[in-house]
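S.K.: Encoded as structure tokens, here's the structure I'll be asking about.
No lab work stands behind these numbers, since they all come straight from the coordinates. Small disclaimer: the values here were computed from a predicted structure and weren't measured. We place every Cβ from the backbone using ideal geometry, glycine too, and count neighbours over all the protein chains shown.
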Amino acid sequence: MSNLISEGASQTSGVERVPVVIRDQAQEIIASIAEEIGQAVKQSETADKPLVLGLATGSTPVPLYRELIRRHREEGLSFKNVVTFNLDEYYPLSPDHPESYHRFMRDQLFDHIDIPKDQINIPSGTAKREEVHEACRAYEEKIASYGGLDIQILGIGRTGHIGFNEPGSGPRSKTRLVTLDRLTKVDAARDFHGEHNVPRYAVTMGVGTIMAAKRVILMAWGRSKATVLRDAIEAEPVESLPASFLQAHDNVCFFLDQAAASELTRFRQPWLVGFPEWDNKLARQAVTELSLKIGKPLLKLLDKDYQENGLSELITEQGPAYDLNIRVFNEVQHTITGWPGGKPNADDTHRPERAVPAKKRVLVLSPEPQDDVLAMGGTLSRLAQGGHEITVAYLTSGSLGVPDEEARWAAELMIEAEEGIGSKLAKQVLAELKTKGESDNDSVQLRQFKGYIRRNEARSSLQACGVPSKCVTFLDLPFYEEGRYRRFKAGDTDRDLLLKLLNEVQPHQIFVTGEAGDPSSVQGISFSVFSEAYNQARQNVWVSDCYVWLYRSDGREWESHQIEMAVPCSPDELRTKAQAIYLHRSQRSQVPILDEEKTEVWELALERNRTTANNYDKLGLAEYEAIECFVRWS
Ligand code: F6R
């Protein structure tokens, strides 16, 4: 993807209705936002008025808060003259609840800087119901008494919410009690150990409150926000997407990493908004999109189709249609292979993988158990059949994703199996589960036990794919074992553990995921740990002979034009894959469900593979039951 970057108010594309700043990585953006805040803090020290800062919670601002803390510790940035107002709080929820935003702000920022406690304001999650309205009014008045918010920091939810202003919130809404959207609750379900524990309501500043801030900074990382951001930035403002109201703000800026910006027209269809350089990649993107859009196979596209769809420049430069169609058709055709480890004794000029060595050392890195089979269960089966030397390494135990009910089931089974004697651990687990409150953290023992559950699921799942247990490794990276969702922090030990594995296996092929994930998600962190370890390994000989393949297990599959290796699955192979996913028992019914319909994780994974195959079919290639797909990382 091209690295088009626009600064603040520049009008790169014309279709963007707010200033947008894009950088490859969140970290590059964080420094400039922290600098802006730091400057404002310093200016307020010389003025007669405190700086009034509106703050957000969630994963997005975590790296910003870490940078502000660093500046406080290392550069003496002081917050004594700062007054803060947080956007929102769940309702009802006690400030001591581990998931309350009161607690979050203390842990992530306030306890580490020198802000006086009486200058911190967060909506109350404990006001009596009949007093909430008055508390909201008082919150607004207090903001006004400081002359309004100077800078408001925002994230964005997948519903398009800012604060907890869910779809339907009006542009002039004020601080109030709201009902959370289903998708917002699904996104919070992991933090609360299940959707049923997420509070129904929240108190939030209104869109109008946010709009009244003098400066608004919205940040977003990762591909999961890309679609909603495109609409918020490029479509007409509508109540069904509250973030779109920010278009009317005269001093707003959206700061995005490349993954979050990836759906913007300037990246998806750059030919509609400028004069792009037509390299092979972009030509393939335009031609496949055209084919899918107008419902004509690649080889049937006419000059006229290109001209009528904004692609006359492409056809003038690289046409006629006949030649361009064939070229792109061949490129897509060459992505298809039933030999993900390379086809022995075959000409590999146009194959995604090398024929030599015929038996490869393959390393599959799975952030949590199940990521592997979700995205590449079929490919794993093929690699196993091909006799490659496979190692599947689970980077984290995945214990945080195991519901208590599953742990109870397993502990009871253990005890029963041991004819009433029971192991010590199982008994301790059952005792803990009896007294544990729904928001209590798991003890180390319970996490360990839940980790065992996931280990066993992973082993049996891989067996279904023909990968024996001796090929499996569990790294239990410390960032996960010592962390909580949204608050993980990877360090050198994580990198070194993975580096050691890489150097032991010396793989010819690595399959890995998470490159476009939210940087604070398990997948996102796992990928950054991997890229650090891989970079450190670079001086080793094996690296020069290693291909790294990116897979996606987060529900957002590669697009047809991006795919570099497409591994078809027969109906039987797809059934095996479904079985492999299904064997992750503790994960059933826990996927983020995107609509009211209950759809199981294995069904969604199969659907994605079928969609990829269907798109290849529509492009005029062979018709497969399903396709798993990969992109090569460079
Ligand atoms: C948090 C808030 C929300 C979040 C949004 C994104 O105070 O108001 O609007 O900014 O839900 O959450 P994350 O950052 O966790 O993806």
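S.K.: So if I place +1 on the C-beta of Lys and Arg and -1 on the C-beta of Asp and Glu, and nothing else carries charge, what would the dipole magnitude of the chain be about its Cα centre? I want it in debye, nearest 20.
M.R.: Computed about the Cα centre, the dipole is about 500 debye.
S.K.: Just need the relative contact order of the range 29-110 here, percent rounded to a whole number, with Cα pairs under 8 Å and 6+ apart.
M.R.: Working: 75 pairs, mean separation 26.9, N = 82.
The value is 33 percent.
S.K.: According to a simple spin-label model (label point 7 Å from Cα along Cα-to-Cβ), what is the distance in nm between Asp118 and Arg575?
M.R.: 7.3
S.K.: Right, here's the next one. Can you list residues from other chains, or at least 5 along the same chain, whose modelled amide H is less than 5 Å from the amide H of Cys569?
M.R.: Glu625, Ala626, Ile627, Glu628
S.K.: In what order do Met414, Met105 fall by count of nearby beta-carbon atoms within 10 Å, going from fewest to most?
M.R.: Met414, Met105
S.K.: Can you tell me the dipole magnitude for the range 3-265 around its Cα centre, using point charges on the Cβ only (Lys, Arg +1; Asp, Glu -1), in Debye to the nearest 20?
M.R.: Working: 29 positive and 37 negative charges, 65 e Å.
It comes to approximately 320 debye.
S.K.: Given axes a ≥ b ≥ c from the Cα gyration tensor, I'd like to know whether the range 3-265 is rounded (a/c under 1.5), prolate (a/b larger than b/c) or oblate.
M.R.: rounded
S.K.: Mean projection of the alpha-carbon convex hull of the range 269-333 over all orientations, in nm²? Walk me through the numbers on the way to the answer.
M.R.: On the way: hull surface 14.8 nm².
Spelled out: convex hull of the Cα atoms, projected over all directions, averaged, 3.7 nm².
S.K.: Follow-up. Label the range 478-634 by shape, choosing from rounded, prolate and oblate, from the square roots a ≥ b ≥ c of the eigenvalues of the Cα gyration tensor; if a/c is under 1.5 it is rounded, and otherwise prolate applies when a/b is larger than b/c, oblate when it is not.
M.R.: Since a/c reaches 1.5 but b/c is at least a/b, the shape of the range 478-634 is classed as oblate.
S.K.: Which order results if Ile627, Ile113 are arranged by neighbouring Cβ count within 10 Å, fewest first?
M.R.: Ile113, Ile627
S.K.: In µm²/s, what is D for the chain at 4 °C and 1.567 mPa s, where D = kT/(6 pi eta Rh) by Stokes-Einstein and Rh is the Kirkwood radius from Cα pairs?
M.R.: The Stokes-Einstein estimate is 49 µm²/s.
S.K.: Just from the alpha-carbon atoms, what are the Rg and Dmax of the range 299-405 in angstroms?
M.R.: 21.0, 63
S.K.: Separate question: Scan around Val238 for amide H atoms under 5 Å from its own, H built in the peptide plane at 1.01 Å from N, and keep only partners 5 or more places away or cross-chain.
M.R.: It is Ser244, Phe245, by chain and number.
S.K.: Report, for the chain, the % of DSSP beta bridges that are antiparallel, rounded to 5.
M.R.: Here the antiparallel bridges make up roughly 30 percent for the chain.
S.K.: Cβ neighbours within 10 Å, averaged per peptide: list 214-222, 441-449 in order, most packed at the top.
M.R.: 214-222, 441-449
S.K.: Taking the highest mean first, how do the peptides 72-78, 280-286 order by number of other beta carbon atoms within 10 angstrom per residue? Working shown, then result.
M.R.: Working: 72-78: 12.7, 280-286: 18.9.
Top of the packing list down: 280-286, 72-78.
S.K.: Reported to two decimal places, what Rg/Rh ratio describes the range 537-586 when computed on Cα atoms with Rh from the Kirkwood expression?
M.R.: That ratio equals 1.11.
S.K.: Using only alpha carbon pairs under 8 Å that are at least six residues apart, calculate the relative contact order of the range 269-333 and give it in whole percent.
M.R.: After rounding, I find 33 percent.
S.K.: Over the chain, calculate the relative contact order: mean separation of alpha carbon pairs under 8 Å at least 6 apart, over the residue count, as a percent.
M.R.: 13
S.K.: Only counting other Cβ atoms within 10 Å, I'd like His161, His388 sorted with the fewest neighbours first.
M.R.: His388, His161
S.K.: Leu55's amide H: which non-local residues (gap 5+, or another chain) put their own amide H closer than 5 Å, with H modeled 1.01 Å from N in plane and none for Pro or chain starts?
M.R.: Phe85, Asn86, Leu87, Ile153
S.K.: Would you mind pulling out the separation of the Cα centroids of the range 280-308 and the range 205-257, in Å?
M.R.: The distance from the Cα centre of the range 280-308 to that of the range 205-257 comes to 33 Å.
S.K.: What's the center-to-center distance, using Cα atoms, between the range 128-188 and the range 374-399 in Å?
M.R.: So the two Cα centres are separated by 45 Å.
S.K.: Could you tell me whether the range 105-217 comes out rounded, prolate or oblate from its Cα gyration tensor? Rule is a ≥ b ≥ c as square roots of the eigenvalues, rounded for a/c under 1.5, then prolate if a/b exceeds b/c, otherwise oblate.
M.R.: The shape class here is rounded.
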